[in-house]
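Everything on this sheet refers to the single structure shown next.
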Amino acid sequence: MTIYQVISEGILDRKALKRTADRIRKEYGIGYLLGSSTKIEASNNAGSGYLSYIQYLSPADGYSRATNERVASLCPYATKGCTVGCLGRSSGRMRFTSVQQAQIKRTRLYIKSEAGYYAVLADEILRAKRKADREGLQLSVRLNGTSDLIWENKAFHVLDIPFFNIFEAFPDVIFYDYTKIPLRHRQRAVTTPNYHLTYSYTGEDVSIERANDYLSIGVGVSVVYLGNPEREVSRLFPNAKSRVNGDVHDMRFLDPKGSIVMLKAKGDAKRDHSGFVVRG
């Protein structure tokens, strides 16, 4: 069942969900899970009929480093190059300590209270969907702003009501993410109608293979670059069908299938020489 069905049938009390979510936000000291960024704002201002939100959790092992708690990395396939250059640590407004603290608080909620986390997330998506409907827009949500979690495998409960995953709970919301996780672990994701993945190239030899696996089924691949890397990109991905400028907006679900998404290096990524940044 979708979350709308359980609300309309009186199984889930929307007001009770809101009260619960507000209480949890206060308890964990968080404002909201879903927010914005410069590129998300550009997406929303692009006039293309979408309202987009993004969630920023602590990137890679950031939560463990900040709290000295040993927990699994939120980016299991992160490399040294992408970790150093992660936008969550080094670019734009994400440089500020207050922003990083907010990421830690959201991550703490996600780790410490799964039921609480999903109550807040469901409440926020419902709020965002209502806003999008009022404005005549399609809601799109990127849950892995600075994480790489396999959401399609995460069943959850909202006020003790079970859902298969967040995508089935909200079938009329477009979800999208970047991922470094190999295709063999994300087969369910690439067949989920309202979820769109883009593979993030990391510069390793194995990442070339993984990227081409995704391209072979029409999933786009993002490449962080400096200079003019056209020749190198063509060598790495000879079967790519098109190139898109990924810095114009964040709505990767609008890209032609099998595209190479070109993202100019920002922040600390400009100094990367691990291969993560393709140079030309």
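The values are calculated or read from the model by the stated rules, or taken from the named source; none is laboratory data. Small disclaimer: the values here were computed from a predicted structure and weren't measured. Note: ideal-geometry Cβ built from the backbone for every residue, glycine included; neighbour counts use all protein chains shown. Each accessible area value is taken on the protein alone, full model and side chains, heavy atoms only, with ligands, DNA and RNA left out. Shrake-Rupley method; radii C 1.70, N 1.55, O 1.52, S 1.80 Å.
Measuring only protein heavy atoms, the 1.4 Å probe finds His157 accessible over about 90 Å². Of the solvent-accessible surface of segment 124-253, computed with a 1.4 Å probe and all protein chains present, 47% belongs to carbon and sulfur. By definition, a body whose alpha carbon gyration tensor gives a ≥ b ≥ c is oblate when a/c is 1.5 or more and a/b is not larger than b/c, and segment 207-258 fits this oblate description. Based on protein heavy atoms only, the chain ends up with 47 Å² per residue of surface accessible to a 1.4 Å probe.
The Kirkwood hydrodynamic radius of segment 181-230, based on inverse pair distances between different Cα atoms, is 11.6 Å. Given R0 = 22 Å, the distance between the Cβ atoms of Arg235 and Arg271 translates into a calculated FRET efficiency of 0.40. Once the Cα-Cα distance is subtracted from the 0.36 nm per residue extended length, the Ser242 to Ala66 segment shows a gain of 59.3 nm. Under the combined filter of DSSP loop state and at most 15 neighbouring Cβ atoms within 10 Å, segment 1-44 retains these GluC sites (Glu not before Pro): Glu9.
Determine the shape class of the chain: with a ≥ b ≥ c the square roots of the Cα gyration tensor eigenvalues, call it rounded for a/c under 1.5, and otherwise prolate if a/b is greater than b/c, oblate otherwise. Prolate is the answer for the chain, as a/c is 1.5 or above and a/b outweighs b/c. Mean residue ellipticity at 222 nm, helices only, the chain: -10500 deg cm²/dmol; runs of at least 4 DSSP H residues each add -39,500 (n - 2.57), and the sum is divided by the number of residues. Shape analysis of segment 1-60 places it in the oblate category; the axes a ≥ b ≥ c from the Cα gyration tensor give an a/c of at least 1.5, with a/b not above b/c. For the chain, the relative contact order comes to 20 percent (Cα pairs under 8 Å, sequence separation of at least 6).
Taking label positions 7 Å along the Cα-Cβ direction at both Asp133 and Tyr4, the computed distance is 0.7 nm, reported to one decimal.
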